[in-house]
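Novice: Before anything else, here's the structure in question.
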Amino acid sequence: MRAYIIRRILLIIPTLFLVSIIVFLSVRFIPGDVIDVMESMTVVAGGTGEGFDREALERMLGLDVPVWVQYGRWMGGIFLHGSLGTSLMGDWPVEKGIIERLPVTLELGIVASQPELPNSAR
């Protein structure tokens with residue numbers, strides 16, 4: 001039994017690694033990028049979108065380096081600083097957004113896991 005538990009715990013490491021890669025890359029597979037969204041939000045807010053320095057934003061956000069370097073920086077921030085980074089749309093810590101939404105997420109999970117009542121009990 002002890003060997004089984006140790007094996008299961010050790011399997012968490014490659015599983016989390018694969019999940020982190022999938023999460024990281026899934027953001028990059030969507031059409032466009034965050035700079036396109038920022039530019040469109042500027043236009044919607046009444047700006048013209050002119051004078052939008054794409055190269056400076058890419059440098060500031062770290063998007064001017066290869067994807068594997070971006071992933072390394074992201075994982076380094078998680079392991080070294082315990083930070084998931086800053087929201088690109090609101091300039092607040094990602095952890096804050098997760099914590100704000102956690103109660104509703106837990107409530108939905110609890111409600112979804114409740115067994116369905118039989119028709120006669122309704």
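Novice: Computed from the coordinates I sent, Kirkwood radius over Cα pairs in Å equals one of [x] 18.5; [y] 14.7; [z] 14.3. Tell me the label.
Specialist: [x]
Novice: Taking 7 Å along the Cα-to-C-beta vector as the label spot, tell me the MET1-VAL67 distance in nanometres, rounded to one decimal.
Specialist: If labels sit at MET1 and VAL67, their model points lie 4.5 nm apart.
Novice: Find out how many positive minus negative residues lie around ILE35, taking Lys and Arg as positive, Asp and Glu as negative, among other residues whose Cβ is under 14 Å from that of ILE35.
Specialist: Residues near ILE35 contribute -4 overall.
Novice: Next question. Tell me the carbon and sulfur percent of the accessible area for the chain, rounded to whole percent, probe radius 1.4 Å.
Specialist: Exposed carbon and sulfur together represent 68 percent of the surface.
Novice: Moving on to the next point. Can you give the calculated 222 nm mean residue ellipticity of the chain, where each DSSP H run of n ≥ 4 adds -39,500 (n - 2.57) and the sum is split over every residue, rounded to the nearest 500 deg cm²/dmol?
Specialist: That calculation yields -22500 deg cm²/dmol at 222 nm.
Novice: Suppose the chain between LEU25 and ARG54 were pulled fully straight at 0.36 nm per residue; how much longer would it get relative to their current alpha carbon spacing?
Specialist: That works out to 8.3 nm of additional length.
Novice: If you don't mind, another one. Restricting to Cα pairs below 8 Å that are 6+ residues apart, what does the relative contact order work out to for the chain? Please round to a whole percent.
Specialist: Here the relative contact order equals 11 percent.
Novice: Here's something else I'd like to know. If you take every residue apart from GLU58 with its C-beta less than 11 Å away from the C-beta of GLU58, what net charge results, scoring Lys and Arg +1 and Asp and Glu -1?
Specialist: -2
The values are calculated or read from the model by the stated rules, or taken from the named source; none is laboratory data. The structure presented is a predicted model; accordingly, all values stated were derived computationally and were not measured. Here the Cβ is made from the backbone with ideal geometry for all residues, glycine too, and neighbour counts use every protein chain on show. Calculation scope for accessible area: heavy atoms of the full protein, side chains included, ligands and nucleic acids excluded. Shrake-Rupley method; radii C 1.70, N 1.55, O 1.52, S 1.80 Å.
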